[in-house]
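The values are calculated or read from the model by the stated rules, or taken from the named source; none is laboratory data. Nothing here was measured: the structure is a model prediction, and the numbers come from that model. Note that we place each Cβ from the backbone using ideal geometry, even for glycine, and neighbour counts take in every protein chain shown. Accessible surface is based on the protein model in full, side chains and every heavy atom, while ligands, DNA and RNA are left aside. Shrake-Rupley method; radii C 1.70, N 1.55, O 1.52, S 1.80 Å.
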Amino acid sequence: MTAEAAETASAIPPVPVDRAAALPSSTGPVEAGVLEEIQRRVLWLATRMVDAANRERDTGDGVKVGGHQASSASLVTVMTALWFAHLDPDDRVAVKPHASPVLHAIQFLLGRLDRKYLTMLRQRGGLQSYPSRTKDPDPVDFSTGSVGLGAAAPLFAAVVRRYVDAHFGPRPRSRWIAIIGDAELDEGNVWEAVADPATRGLGDVTWIVDFNRQSLDRVVPGVRIDEWRRSFEAYGWHVQEVKYGARLREFFTRPGGDALRRWIDRMPNEQYQSLFGLPAGEVPDRFLDDAPEEVRSLVAEVPAEELAALVTDLGGHDLGEVLRALAACDDVADRPSVIFAYTVKGWGLPIAGNPRNHSALLTGEQIGALRRAHGLDEATEWDRLDPASAAGKWAAGRAAHLRREPRRAALDVTVPAATGVRTAKPVSTQEVFGRVLVDLSRSKEVAPYLVTTAPDVATSTNLAGFINRMAVFTPAQRRAWSVDPLLKWSEGPTGQHIELGISEMNLFLLLGQLGLSWDLSEQPLLPIGTVYDPFVCRGLDAFIYGTYSGARFLVAGTPSGITLAPEGGAHQSTITASLGLELPGVTAVEPAYAVALDWLLCDALGRMARGEPGAYYARLSTRPLDQAPFEAARARLGDEALRAQVLAGAYRLVEAADLGPDAPVVHLAAAGAVLPEVLAAAAELAEEGVAAHVVDLTSADRLYAAWRGALREGLRTARPPRLPAVLVDAFGVRAPVVTVHDAASHALAWLGSALGVPCVPLGVDEFGQSGSVRELYELHDLLPGSIVNAALAALSLR
Ligand SMILES: Cc1ncc(C[n+]2csc(CCOP(=O)(O)OP(=O)(O)O)c2C)c(N)n1
Ligand SMILES: [Mg+2]
C-alpha cells in the first residue's frame, strides 16, 4: 500500500480491559493490566523490528528487506497470552512464519535474546525472516516458513511423544501448540495430517488459527468458518471459537443484541473487512447496508466513532477470552483442539484490516506517532520492561518458569558395523534392507530405539519382516481379526512400526519429528521410513523441512528408477538421485550390493546413535543382482579397505585386465541396479582391446561433497585444489569416463570435471513407461552395447 493509503487508514485502538481483573496463568493469577502492558510492548517491538530492518539498513543492493508488521500485530494478543500466562516449560509451540518478529520480541522480553538482535531482523547472523530451529540465536521449537508445515509439525511431534511415553515411560507433559494463519488451512498437507488415523486422539495438541480473514493477496472470500468447523469435527477434533471482544459481548446482552450478533455472523468477510479502512463517519452506513430494522435501531444510539471500535472488537485481542479458550482446550483430553481466534490483521497499527496490508510497512512518521503513543522515545524504544515495574517483575517470573535444560542427542548404544548379511544367491538391495532391519531387531542393545514408518507401503518395501517381529504401534492393544501366516501384524502400545495412510507428506513430517525426538521428547530414536522412490517428490517439501530443522532419520526410496520396469509407467523416479545429491543435510547412498548396503545402513544408524546431525536417503531397487563381482572385489581389497571406500562413496569394483601399455583406458562409473550391464560392457571392451575399470559409486553424494569440499578449500585459500583420496583410490589413472545410472544422466555428469577428463553420461532423461528391465534399458541406452559405444565416444573426445 502507498504511504498515503496507510496514512488514511484508521487505527484500531486496543480493547480496553478491566485492568485490575485477575486472569489465570500457569504461574498464578495475573492482573489483566500487566498482560496488557506487556502486549503493548510486544506489539511495539515487533513492529519496530521490521521497521528498523527496512528503514534503517542500507543493504547496498536495492533488494527489499521486507517483513510483516500486519501479520505480526494480528497475533500479539494470542502470543502474549501464551508466553506470559499459559505455557509451561515443556510445552512446544510452532509460530506462523510471518509472526517471527513477535516471537523474537517475546524472547527478548523474557531475557532469552540479546538486545543487539532487535535491529538485525533478516540480517546475516541475525534473526531469520521466519522462525528457525537451526539458525535463530534464541530458542525456536519448530521451524516454519512453508505455510502448512508449521501446523502439522507439532501434531506429529505429539504422535512421537505418545510413542515415546508408551515405550520409555511418560515424559513430563508437553502441550503441542501450532499458531497458524487462516490461509494456511488452504494447504492440503494440513488436511492430510488431520485425516490420518495416526494423529487421532492427541489431547495435548492445540492449533490456534489467526482468523484475520486475510491472506497475502486478498480478503478470504465468503465465510468459511462453518466448513472448517465441520471438517475438524468430522476428524474428531474439539473446536473453540474466540470471536467477540468484551465490548461486543456486553452489547449482545442488551435487548435485541442477538440480532446484532446474527447480523455480524452472517456478514461476508469482504463487507466486514471493508469497515476497517473507512473513515469513522462512513462506518455506520457500510455496516448497516441491508441490515434489518432491529439492528439499525439497536446501534442508532452508538456514535460513529464508537461503532467502528465496537464492531471490530474481536476476541482474538481479548486476553481473557484467549486464555479461557486455551483452558477449555486443556479440559478436553481425548482429542486435539483447534481455536479459531478472530483477529485483526494489523491490529493496533494504522494499517489495520487494510486488504493490502500483508507486506505494508509503516512510514517513519507513523512509527514516530506509534512510539509516542506507546510512551517511548528514541532513548527507551528498545528497552526491556522496567524490572521494577509489575510487568517487568511478571516477565522475570515467567522467564524463570519457562527455563529448560538442553537435551542430549546421543544414545548410549553401539550399532554394529555390519549385520553380516549373507549373499549366496542374487539379491536386491530392497530385500537386503529388510533383512538388515530384521537382524538389527534381534539386537538387545539397538532394537529398542528402532522405529519404522511407511505411508501404506510397508509390505511392498520389505518392512514386513521387521513388523512381524516388532508389531505395529497403536496407543491401545487391538484385537487381530485375521490370521495370515505371512502377515502377522499385531497392534498395540509396544509395537515399533507406525503405519500411515498414503501421504508422503505425512511420512516425511513424521520422520522429521521422530528425528527431533531427542530434543522435543527427551528420547533419541533411530527412525527409519520407507517410500516408493517415485513418490519422494510428493513429500519433498516436508523432507526439506525435516532436514532443515536438523532431524536425524533414514529413509529408503524403493523401488527406484525405471528398474521397477513392468510396475512402472509415468511414475518411475528419475530426478530423485539428483535430489539426494543436492539436499543439504542429507547423505544419499545408492549401493548395488548386499554387503555394501549393510555397511552403509549400519554406519548411518551408528552416526545417528552417536547424535551426529544429518539424515540419510538410500535409493534402492527390487532387481536381484549376482553378488559374485562384489565378493571378488572384497577378496582383492580386503574388508577394511573396501568398507572404508564404500562408506566414502566409491571403490573400484573391477580392475581392467592388463592389455599392454598402448591399450586405451576408460572408466565405467555406475551406481545401483545398472551394474550388471556395466560389467558386461567392461568385458566386451576388453575383447575390443580397451581396458575398462569399473567403479561402483556407492554414494555419489559423498563423492561430490568430497570433491566440492576440496575445490572450495582451494578457492578460499587460493591454492591449487587436491583431488580427494576417495576419487584417487577409486579412479587412479587419468582416463575418460562413462557414467551409467538409472536416474537422470545429469546426476553423475560432473565426474568428468572432477577427474579432468571427457565424460559421457548415460541415464534416463525422459518419462518412463512399462516394460521389462531389458526393454527399458535398451530404450534409454543402458544396455552393454550402448555403454561400449559410450566408452568409445569418450575415448574419441580425449
Ligand atoms: C507454501 C507457501 N506458499 C506461499 C507462501 C507465501 N505466503 C506467505 S504468507 C501467505 C499468506 C498467508 O496468509 P495467512 O496464513 O492468512 O497469514 P496472515 O498473514 O494473514 O497472518 C503466503 C501466500 C509461503 N510462505 N509458503
Ligand atoms: Mg490471514
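Here is how the numbers come out for the structure above:
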| quantity | calculated |
| --- | --- |
| Distance in nm between pseudo-label sites at Ala424 and Asp383 (7 Å out along the Cβ direction from Cα) | 8.3 nm |
| Accessible area expressed per residue, the range 205-270, with surrounding protein chains retained (probe 1.4 Å, Å²) | 46 Å² |
| Charge-dipole axis of the chain as Lys and Arg at +1 and Asp and Glu at -1 on Cβ define it, positive-most pick from Ala105, Ala309, Ala588 | Ala105 |
| Stretch gain in nm, segment Asn789-Ala373, where the contour uses 0.36 nm per residue and the Cα spacing is subtracted | 141.9 nm |
| Other-chain or far-sequence residues with amide H under 5 Å of Val239's (modelled H) | Val338 |
| Three principal axis lengths of the chain [C-alpha, angstrom, descending] | 104, 66, 52 |
| Rg to Rh quotient for the range 476-557, alpha carbon positions, Kirkwood Rh | 1.03 |
| Percentage relative contact order, the range 203-355, counting C-alpha pairs under 8 Å, at least six apart | 46 percent |
| Rounded to whole Hz, the Karplus (6.51, -1.76, 1.60) HN-Hα couplings of the range 305-316, x for glycine and proline | 4, 5, 4, 4, 5, 5, 6, 10, 8, 10, x, x |
| Over 29 Å between alpha carbons, listed pairs Lys64/Lys243; Lys64/Lys345; Lys64/Lys393; Lys425/Lys488; Lys96/Lys243; Lys116/Lys243 | Lys64/Lys243; Lys64/Lys393; Lys116/Lys243 |
| 5 angstrom amide H check on Ala618, placed H, neighbours 5+ away | Val555, Ala556, Gly557, Val589 |
| Options Gly550, Ser503, Phe535, ranked by Cα towards positive dipole end of the range 489-568, top entry (Cβ charges) | Gly550 |
| Acute angle (nearest 10 degrees) that the helix 594-609 long axis makes with the longest principal axis of the chain, alpha-carbon atoms | 30 degrees |
| Relative contact order [Cα under 8 Å, 6+ residues apart], the range 509-622, whole percent | 32 percent |
| Neighbourhood net charge (14 Å Cβ-Cβ; Lys/Arg +1, Asp/Glu -1) for Ala700 | -2 |
| Whole-Hz ³J(HN,Hα) from phi, Karplus 6.51 cos²θ - 1.76 cosθ + 1.60, for the range 79-92, glycine and proline x | 6, 5, 4, 5, 6, 9, 8, 8, 6, 10, x, 8, 6, 10 |
| Lys135 - accessible surface, heavy atoms, 1.4 Å probe, Å² rounded to 10 | 120 Å² |
